[in-house]
1. Yes or no: His117 under 12 Å from His145 (Cα atoms) and either buried (at least 20 other Cβ atoms within 10 Å of the Cβ) or modelled with pLDDT under 95 (or both)?
2. Looking at segment 335-342, can you tell me whether even one residue there is of a type outside the set (Gly, Ala, Ser), assigned to a helix (DSSP H, G or I), over 25 Å from the mean Cα position of the chain (by Cα) and surrounded by fewer than 18 Cβ atoms within 10 Å (Cβ to Cβ)?
3. How many residues does segment 1-42 hold that are modelled with pLDDT of 85 or more and over 21 Å from Lys116 (Cβ atoms)?
4. If the requirement is being touching a helix residue (DSSP H, G or I) at 6+ places or on another chain (Cβ under 7 Å) and among the polar types (S, T, N, Q), which of these qualifies: Thr178, Thr230, Thr192?
5. Does Arg176 count as under 20 Å from the mean Cα position of the chain (by Cα) and either under 23 Å from Phe369 (Cα atoms) or not aromatic (Phe, Trp, Tyr) (or both)?
6. Among the residues of segment 78-97, which ones are of a type outside the set (Lys, Arg) and over 22 Å from the mean Cα position of the chain (by Cα)?
7. Of the residues Arg73, Arg62, which single one is modelled with pLDDT under 95, surrounded by fewer than 18 Cβ atoms within 10 Å (Cβ to Cβ) and within 25 Å of the chain's Cα centre (by Cα)?
8. Within segment 226-246, is there a residue that is touching an Asp or Glu at 6+ places or on another chain (Cβ under 6 Å) and of a type in the set (Asp, Glu)?
Amino acid sequence: MSDQVGFVTMAGAKASGDAPTLGIGILGYAFMGKAHSNAFKKLPYMMYPPVAIPRLVGIAGRNVEAVKEAAKRYGYEKAYTDWREMIADPDIQVFDNGGPNDAHAEPCIAAAEAGKHVFCEKPLARTAEESKAMLDAVQKAGVKHMVAYNYRFVPAIVQARKIIESGALGRIFHFRATYLQEWIIDPNFPMTWRFDKKVAGSGSLGDLGSHILDLARFLVGEPKKVMGMTKTFIEERPDGKGGMGKVDVDDAVVSLLEFENGALGTVEATRYAHGRKNGQTWEINGENGSISFNLERLNELQVYWAHEEPKETRGFHNVLVSESYHPYWENWWPQGHIIGWEHSFVHEFHHFFDAIVNNKDVAPYGADFVDGYKNAVICDAIMQSAQTGRIVDIKY
């Protein structure tokens, strides 16, 4: 059994005014561990006055030296190699799961049963069945729960939702989205957990496609039917031990969607698109106009109004979403002084802490475990369609 491996003290953050302190225990210290920790440290002085002060109590990971170094780097008080011991810490009120996909269900369920509020990276789990078990656990425990679909907290995307909610776009006809990256095209790129179905559940679908499927639901509504195709381009990769490991997840996915409101959608995700570093784009076409977005220009929206006068100058307008009246911008800089990808996590945790402290619902603007479960159902349906060649009805 693993033991606590030591801890690093820090100058503890004190709550100011009426803001309570929330003790954080985080699983994982790599990419998402860094992103989440950065948000915790920024939140109290940028989302001011804060709804809560995050206290970085514990960080857990498998590698003793790496997790101790992460605790020192980010300022966590304690480092653990056993997440169970961390969850048992009475100083922790919020469990933040940034681990691989196969480490989502068991720790999150245990945390909920221990009375901790639960924040989990996406996708919620490897399958809809696993996601449903997590949803049942948090609902039974009565704790707050949230899935890290952070693009819901990009100001331009929130602004797009507000435009759609206002009815200004009218009836929605189309949603089309792509999420394109290039990082695994090299056949000598080594095996990682992301290529192993037992760990990841799926490949580009869960890694990238789940993000834009969440945005489809967030912006347009519920899909009722899907059809999908998937492809694995490189089926073996170096395993780091002199041999080759089998890749059994999708490298690319394309899906058609029909929404309950009658709109049609297309979703494409791949990690084999040369030149695309983090190329998420989407466009929505309605009866009164269109809105499009590019994550690599995340402070901007392209907006077209069909009935704008004079008609001779109609065209897409590039709207710089950086005014004080735009979502979240009262907390940042003067107009035109843009923010970045990492700030979506600041907004996300501010939203989650507000739900905890003031007993608010995480949904509809945040993605709760209901959203995470529904996303998993859609992903499973796309995989089922890819395997059978048939249209699949969405059934929650």
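The values are calculated or read from the model by the stated rules, or taken from the named source; none is laboratory data. Only a predicted model underlies this, so the values are computations on that prediction, with no experimental measurement involved. Positions of Cβ are backbone-derived with ideal geometry, glycine not excepted, and every protein chain shown enters the neighbour counts.
1. It is true that His117 is under 12 Å from His145 (Cα atoms) and either buried (at least 20 other Cβ atoms within 10 Å of the Cβ) or modelled with pLDDT under 95 (or both).
2. Scanning segment 335-342 turns up no residue that is of a type outside the set (Gly, Ala, Ser), assigned to a helix (DSSP H, G or I), over 25 Å from the mean Cα position of the chain (by Cα) and surrounded by fewer than 18 Cβ atoms within 10 Å (Cβ to Cβ).
3. So the answer is 5.
4. The unique qualifying residue is Thr230.
5. Judged against the criteria, Arg176 is a match.
6. Within segment 78-97, Ala79, Tyr80, Thr81, Asp82, Glu85, Met86, Ile87, Ala88, Asp89, Pro90, Asp91, Ile92 qualify.
7. Residue meeting the stated conditions: Arg62.
8. no
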